[in-house]
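Some notes on the structure that comes next.
The values are calculated or read from the model by the stated rules, or taken from the named source; none is laboratory data. Please read all numbers here as calculations on a predicted model, not as lab measurements. Cβ placement follows ideal geometry from the backbone for every residue including glycine, while neighbour counts extend to all protein chains displayed. Surface accessibility is based on the protein's heavy atoms, side chains included, excluding ligands, DNA and RNA. Shrake-Rupley method; radii C 1.70, N 1.55, O 1.52, S 1.80 Å.
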There are 2 protein chains.
Amino acid sequence: MTSLADVEALDRADPLARFRAAFDLPVGVIYLDGNSLGPPTRAALARIAACADGEWKDGLIRSWNDAGWIELPRRAGAKIARLIGARPDEVIVADSVSVNLFKLAGALLGAGGAICVEADEFPTDQYVLEGLSRLTGAPFQRLAPGEAPAGGVFVKSLVHYKTAAVADMLAMEARARKSGTRIIWDLSHAAGLFPVDVAGAGARFAVGCGYKYLNGGPGAPSFVYVEGREAERLSQPIAGWMGAARPFDFCTDYHPAAGSARFAAGTPPILSLVALDAALDLFEGADLSLAQAKARLLSDIFIDRAAALGLAPTLGPGPRGGHVCFAHKEGYAVMQALIARGVIGDFRAPDLMRFGFSPLFLSYADVWRAADRLADVLRTEEWRRPEFNRRGAVT
Amino acid sequence: MTSLADVEALDRADPLARFRAAFDLPVGVIYLDGNSLGPPTRAALARIAACADGEWKDGLIRSWNDAGWIELPRRAGAKIARLIGARPDEVIVADSVSVNLFKLAGALLGAGGAICVEADEFPTDQYVLEGLSRLTGAPFQRLAPGEAPAGGVFVKSLVHYKTAAVADMLAMEARARKSGTRIIWDLSHAAGLFPVDVAGAGARFAVGCGYKYLNGGPGAPSFVYVEGREAERLSQPIAGWMGAARPFDFCTDYHPAAGSARFAAGTPPILSLVALDAALDLFEGADLSLAQAKARLLSDIFIDRAAALGLAPTLGPGPRGGHVCFAHKEGYAVMQALIARGVIGDFRAPDLMRFGFSPLFLSYADVWRAADRLADVLRTEEWRRPEFNRRGAVT
């Protein structure tokens, strides 16, 4: 690709181009942060309005039945199940990734062994597991990146949040079975980007995020996948009523719901949950193999252009997810200057500029133009301005 | 009160009558279920729309800083703190009541002793505590109602979900200090209904619900109160990044945020959280002593009228909260028939019709008319119709 005309030709031939119309993206913005917070679909915005102004305002308490609020955790879960290769009843939507990771790792402690995580895993996953260890006394073990766990519970991101490296789920599950390790996959940077096949890989446990490629909205509820037979055996440690078999019997003894539904806990945040549920309908006709290939090409184009600017990506040799990081010692300020020019990515301390290539709403021309603007920012050195060097609470 | 004219005179003199205009209640409905799911304020509906169609759609990831999303758990917490007698930084909004109860009880296990709860406590509170016991091995003890705990962690609803009995917080805290018991108060049926004074009572730990009298929306996030010095000492077991001191440093080691803010965990559901935050502004000029007195009078009027229909409330002798239950062997069907006539209450298994008297949007005439309709339902026996005897998932 050597010109805008080249990439515009790709756009004309793009079988996924039609998905862009499902979004209402702000004019003048090229959004390379759908991997951090996906944008809303028009359907999700309409659904939020219908929930607030209709189901809540007029239906009031009746909407738990009449609008099907009570079914949403299972319904949205079934939609996610399709995207990760699970059966519809093996996925439930509830709580945040942190809380779900805690619940699932806690449920798996019964079989013994340490709680293990690689030292370069997403920090909050490490925090949660170490906290679980403090609470229960189960040993906590921080592994070197790439070190194989020897039994116990092991948490692993399928796509690494910085390098975008994709782990070999099939091979790791095969090794894990030999060592008696229970792997919990964190699918946050994978679900909705490419086809995940938990059943095919023999993966039995996973959590994932609703607000990245699934476009479920800021802080959208998270999901839990537990393979059906395993779910029946597990005792979920946060035994809230929404994970009980018959919450409205108001009996004193807890009886878990059948299967993965027991991984719900308290009352779910409905306004956020309807947004996710509606957002998931986008994937009804989406071929995620095509999405994966497009994300790869989008990022390759950007990497090529960045190379010409002296920026090299922090990538490993293997398959990768939908985002690319570039180290730059003034990465924070450069990203702020780029955002001021309408190209939105994010920054990951200490020095990484991170760009995400969500294939369902980005065009090839978007990415070409984003690279043009990055070139302008670096050429003019406008990132040196003081306003681009003041950090917000969220970087 | 012997006539509609009598109660209309009360409405004309009601200093809280002006709050009704903050709500947009459906025509023809008398809503006696604000204790289960509060209705939306107009301000909350506007805020949800602004968040979805503006902050998310146009601001995208930038809204974490620019729209102050990152501050919402503390900001909403500070608004709730005013209502329960806490300092602004002692309350944080996060997760569900179930998850918060787990976090707080888990954090308090370090000092030893059993996890105790009365056998007639709200079932999900019992489930969560028993689950925590299973996970940690801490002993679990189900006490007889009214039995004083002897040390350990004790969870107690300030207002009982059925009887509406209000516990004597001051006296129980005094006893608890002598026995070394840490009481976690569940303020779900109290916050926003009457002035709670945790500081005055010496209460150090509490959780509560956002969707009842606080009108935060279906499944609104919950709150956690921890007295300031206690918070500094406690290790929160679900150590997600939002409870970390500097989540965006992405360092491997968890350092808790100062004070009660460490009781946050994962990324909060923003659409649900903005609704709660906006709903809380209603209380800015509300005198909750007046609210308490009005709720009492509203319920007294209804109880009097119900007595004339042969219905006796299941009430104790002491002070009570904002709801009243009546046992009726066909309570489910009677409630459905009443709902069909536009009077919405709820049903609590096995046989209780529950009515809530939210003082900020109900009028005395509403309650009078609701009693008229209840009389009609009982007189005509229309609750015998088959459609009123088919149960939904949520009763």
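Things worth noting here:
- When the charge dipole of the stretch A:143-257 is built from unit charges on Cβ atoms (+1 for Lys and Arg, -1 for Asp and Glu) and taken about the Cα centre, the candidate among A:Ala231, A:Gly216, A:Phe205 whose Cα reaches farthest toward its positive end is A:Phe205.
- Between A and B, accessible area buried - total, square angstrom, nearest 100, 1.4 angstrom probe: 7300
- Approximate shape of the stretch B:322-395 as ellipsoid semi-axes (Cα gyration tensor, √5λ), whole Å, largest first: 20, 15, 10
- When only the Cβ of Lys, Arg, Asp and Glu is charged (+1, +1, -1, -1), the dipole of the protein assembly as shown relative to its Cα centre reaches about 760 debye.
- Expressed in Å, the radius of gyration and Dmax of the Cα atoms of chain A are 21.6, 69.
- Among A:Asp376, A:Asp125, A:Asp58: highest mean-square fluctuation, GNM of chain A, C-alpha pairs under 10 Å: A:Asp58
- Rel. contact order, % - alpha carbon contacts under 8 angstrom, at least six apart, the stretch B:1-154: 14
- One way to sum up the overall shape of the stretch A:137-210 is the equivalent ellipsoid from its Cα gyration tensor, whose semi-axes run 20, 14, 12 Å, largest first.
- Listed residues B:Arg204, B:Arg142, B:Arg384, most fluctuating in chain B (Gaussian network, C-alpha, under 10 Å): B:Arg384
- Rounded to 10°, Cα long-axis angle of helix A:123-136 versus longest principal axis of chain A: 20
- Converting phi to 3J(HN,Hα) with the Karplus coefficients 6.51, -1.76 and 1.60 and the offset θ = phi - 60°, the stretch B:68-76 yields x, 3, 5, 8, 4, x, 6, 5, 5 Hz in sequence order, with x at every glycine or proline.
- Surface per residue (accessible, 1.4 Å probe) for chain A, Å²: 33
- Cα lying deepest toward the dipole's positive end in the stretch B:271-395, options B:Val394, B:Trp368, B:Leu378, charges on Cβ: B:Leu378
- Partner lysines for A:Lys103 [C-alpha distance under 28 Å; skip if fewer than 8 residues away on the same chain]: A:Lys79, A:Lys156, A:Lys162, A:Lys178, A:Lys212, B:Lys103, B:Lys156, B:Lys212
- Between the stretch A:278-325 and the stretch B:345-380, the alpha-carbon center distance in angstrom: 58
- For the protein assembly as shown, the equivalent ellipsoid derived from the Cα gyration tensor has semi-axes of 46, 29, 24 Å, listed largest first.
- Selection from B:Gly54, B:Ile303, B:Pro149, by position along the positive dipole direction of the protein assembly as shown (Cβ): B:Pro149
- A straight Cα-to-Cα reach below 14 Å connects A:Lys57 with the aspartates and glutamates A:Asp66, B:Asp24, B:Asp33, residues fewer than 8 places away in its own chain not being considered.
- Chain B, relative contact order in percent, only Cα pairs under 8 angstrom and at least six apart counted: 22
- Our helix-only sum for the protein assembly as shown, with -39,500 (n - 2.57) per DSSP H run of n ≥ 4 divided by its residues, gives a mean residue ellipticity at 222 nm of -10500 deg cm²/dmol.
- Rounded tilt (10° steps) of A:97-108 against the dominant C-alpha axis of chain A: 40
- Under the convention that each Lys and Arg Cβ holds +1 and each Asp and Glu Cβ holds -1, the size of the dipole of the stretch B:1-148 around its Cα centre is about 500 debye.
- Inter-centroid distance (Cα atoms) of the stretch B:13-79 relative to the stretch A:32-102, Å: 20
- Efficiency of FRET from Cβ geometry, A:Asn389 and A:Asp197, R₀ 45 Å, rounded to 0.05: 0.50
- Whether the stretch A:188-283 is rounded, prolate or oblate, judged on the alpha carbon gyration tensor where a/c under 1.5 counts as rounded: oblate
- For B:Gly208, the residues 5 or more places off, or on other chains, whose built amide H falls under 5 Å of its own are B:Leu187, B:Phe223.
- Just the protein heavy atoms count here, and of the accessible area of the protein assembly as shown at 1.4 Å, carbon and sulfur take up 53 percent.
- Phi angles across the stretch B:29-38 convert, under the Karplus curve 6.51 cos²θ - 1.76 cosθ + 1.60 with θ = phi - 60°, into 3J(HN,Hα) values of 9, 10, 9, 9, 9, x, 6, 9, 9, x Hz, Gly and Pro given as x.
- In the assembly of identical copies, A:Ala5 has its label point, taken 7 Å from Cα in the direction of the beta carbon, separated from the corresponding points by 9.0 nm (ascending, one decimal).
- Fluctuation leader among B:Leu135, B:Leu83, B:Leu378 - chain B, Gaussian network, Cα springs under 10 angstrom: B:Leu135
- Spatial separation of Cα centroids for the stretch A:208-256 and the stretch B:122-151, in angstrom: 21
- Mean separation of Cα contacts under 8 Å (6+ apart) over length of the stretch B:296-395, as relative contact order %: 31
- Computed magnitude of the charge dipole of the stretch B:204-268 (debye, nearest 20; Cβ of K, R +1, Cβ of D, E -1): 180
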